[in-house]
Every structure is written in structure tokens, then in C-alpha cells.
Amino acid sequence: DQNILSNSDYVITPLYSQIEPLFNSVISCKPRKIMAVDFMDLSDYSKNLDIVNKYINNFNFAFFGLNDSEKKLISEIKSLSFEYSDKIFIITLGDKGSMAFNNKKEYSANPYPVDKVIDTTGAGDGFCAAFISKIIKDFDINKALDFGNKYASEIVKKLGGI
């Protein structure tokens with residue numbers, strides 16, 4: 001498995017406390033092009049960025065699934081992005097859309113309206129996959145955020161994950 005990861009162009013992995021030893025094994029493989037980490041809502045790490053700082057040199061993209069009311073945490077992520085302009089920090093905000101920080105710039109995308117949310121399972125993962133696929137193709141953060149939002153809006157309209 002490590003050989004496969006080492007020879008992959010792109011790797012996306014979640015990080016939460018229960019899988020941190022496995023995560024360390026995955027990031028040691030260093031894919032050829034992109035390593036993306038989904039830090040989710042950071043609840044396993046007391047909602048602080050210590051864990052992000054611990055692994056800051058091991059990824060290109062950091063994803064977070066937060067609530068728009070978490071202004072302090074969003075501000076801290078933005079500040080961290082100013083220190084590491086070679087990375088893209090992406091925050092999904094559910095029905096409030098998404099935002100990203102890169103190279104001292106802030107990007108945002110509006111959500112797609114959904115008449116009835118059936119199940120949010122897989123929406124974050126779908127957003128990550130759609131964002132990465134679009135950024136690889138166009139390297140346009142605005143387009144990637146929009147594409148991620150659009151894909152996630154389709155996922156929540158049905159029962160079950162992707």
C-alpha cells in the first residue's frame with residue numbers, strides 16, 4: 001500500500017485522533033504531486049490549529065468543515081495561510097458556501113440552493129474530491145470552490161454517501 005501511495009500523483013486523507021498513527025504512515029509516502037488533508041471540524045483537537053501546525057510541511061491542501069459562527073477559528077486559519085502561501089486552506093461552511101485562503105488572498109463561493117436536504121453523508125468528501133479535480137484542471141480557486149459546492153449540493157439531495 002505504501003508503494004501505491006508513493007507512486008500516486010494525488011492523495012487525500014482525513015485526520016482525526018483515532019487514525020493518527022495510520023495517518024503518519026500515509027503522509028510518509030509523499031505522493032508525487034498533491035497531498036490533501038481533511039482536518040474536518042478539528043473537534044478531536046480541541047478546535048485549535050496545533051495539529052495543523054504539526055503536519056504543515058506534509059500537505060499542499062488543508063480542508064476544514066466548519067460552521068460560519070466559528071469566526072475565531074476561521075480567522076486563525078486565515079492567519080496561518082498568510083505564513084504558508086504555498087498552501088491552500090479550504091473551509092466548507094455547509095449551507096453557507098465555502099471559502100479558501102492562498103497567497104494572502106481570500107476566496108469565497110456561494111452555496112447552491114437545495115430544496116430539501118435528505119442526508120449530508122459524503123457531502124464534505126464529495127466537496128474535497130470535486131475541488132481537487134477542478135483545481136488540477138484549471139488551477140482556479142474560485143472555480144474549484146464553486147464546483148465543490150455544486151457537487152456537494154447534489155449529494156445532500158439523496159440518501160447515503162457518494
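So, A100, is that one in contact with a Phe, Trp or Tyr (Cβ under 7 Å, 6 or more places away or on another chain), at pLDDT 95 or above and within 24 Å of I155 (Cα to Cα) or not? Walk me through it before giving the result.
Details: in contact with a Phe, Trp or Tyr (Cβ under 7 Å, 6 or more places away or on another chain): yes; at pLDDT 95 or above: yes; within 24 Å of I155 (Cα to Cα): yes.
Taking the combined requirement at face value, the residue satisfies it.
For the subset of region 1-31 comprising residues that are part of a loop (DSSP other than H, G, I, E, B) and open to solvent by 70 Å² or more (accessible area, probe 1.4 Å), which member is modelled with the highest pLDDT?
Our first condition is that a residue be part of a loop (DSSP other than H, G, I, E, B); within region 1-31, this holds for 1, 7-9, 15-16, 28-31.
From what is left, the residues that are open to solvent by 70 Å² or more (accessible area, probe 1.4 Å) are 1, 7, 16, 28, 30.
Details: D1: 85, N7: 91, Y16: 96, S28: 91, K30: 86.
Per the stated criteria, the residue is Y16.
Which members of region 39-81 meet the condition of being surrounded by 13 or more Cβ atoms within 10 Å (Cβ to Cβ), in contact with a Phe, Trp or Tyr (Cβ under 9 Å, 6 or more places away or on another chain) and part of a helix (DSSP H, G or I)?
D44, Y45, I51, V52, I56, L73, I74, I77, K78, L80, S81
If you go through region 82-119, how many residues are part of a loop (DSSP other than H, G, I, E, B) and either closer than 23 Å to N57 by Cα or open to solvent by 90 Å² or more (accessible area, probe 1.4 Å) (or both)? So that I can check it myself, show each step before the final result.
Taking region 82-119 as the starting set, the residues that turn out to be part of a loop (DSSP other than H, G, I, E, B) are 84-87, 93, 97, 103-104, 110-119.
Now drop any that are not either closer than 23 Å to N57 by Cα or open to solvent by 90 Å² or more (accessible area, probe 1.4 Å) (or both), which leaves 84-87, 103-104, 110, 113, 115-116.
Of the residues in that region, 10 qualify.
Would you mind stating whether I34 is open to solvent by 40 Å² or more (accessible area, probe 1.4 Å), within 22 Å of A144 (Cβ to Cβ) and touching an Asp or Glu at 6+ places or on another chain (Cβ under 8 Å)?
On the way: open to solvent by 40 Å² or more (accessible area, probe 1.4 Å): no; within 22 Å of A144 (Cβ to Cβ): yes; touching an Asp or Glu at 6+ places or on another chain (Cβ under 8 Å): yes.
Against the criterion (open to solvent by 40 Å² or more (accessible area, probe 1.4 Å), within 22 Å of A144 (Cβ to Cβ) and touching an Asp or Glu at 6+ places or on another chain (Cβ under 8 Å)), I34 does not qualify.
What pairs can you find where one residue is in region 136-162 and polar (S, T, N, Q), the other is open to solvent by 70 Å² or more (accessible area, probe 1.4 Å), and their Cβ atoms are less than 8 Å apart, with a gap of 6+ or different chains?
Once the first residue is polar (S, T, N, Q) and sits in region 136-162, its partners that are open to solvent by 70 Å² or more (accessible area, probe 1.4 Å) give N149/N110; N149/Y112; S153/Y112; S153/P113.
How many residues does region 28-39 contain that are of a type in the set (A, V, I, L, M) and more than 16 Å from I132 (Cα to Cα)? Write out each step before concluding.
At the first step, the residues of region 28-39 found to be of a type in the set (A, V, I, L, M) are 34-37.
Now narrow it down to the ones that are more than 16 Å from I132 (Cα to Cα): none.
Number satisfying all stated conditions: 0.
The values are calculated or read from the model by the stated rules, or taken from the named source; none is laboratory data. Predicted model only: the values in this text are computed from it and were never measured. Every residue, glycine as well, gets a Cβ built from its backbone with ideal geometry; the counts of neighbours run over all protein chains shown. For the accessible areas, the whole protein counts, side chains as well, though only heavy atoms, and no ligand, DNA or RNA atoms are used. Shrake-Rupley method; radii C 1.70, N 1.55, O 1.52, S 1.80 Å.
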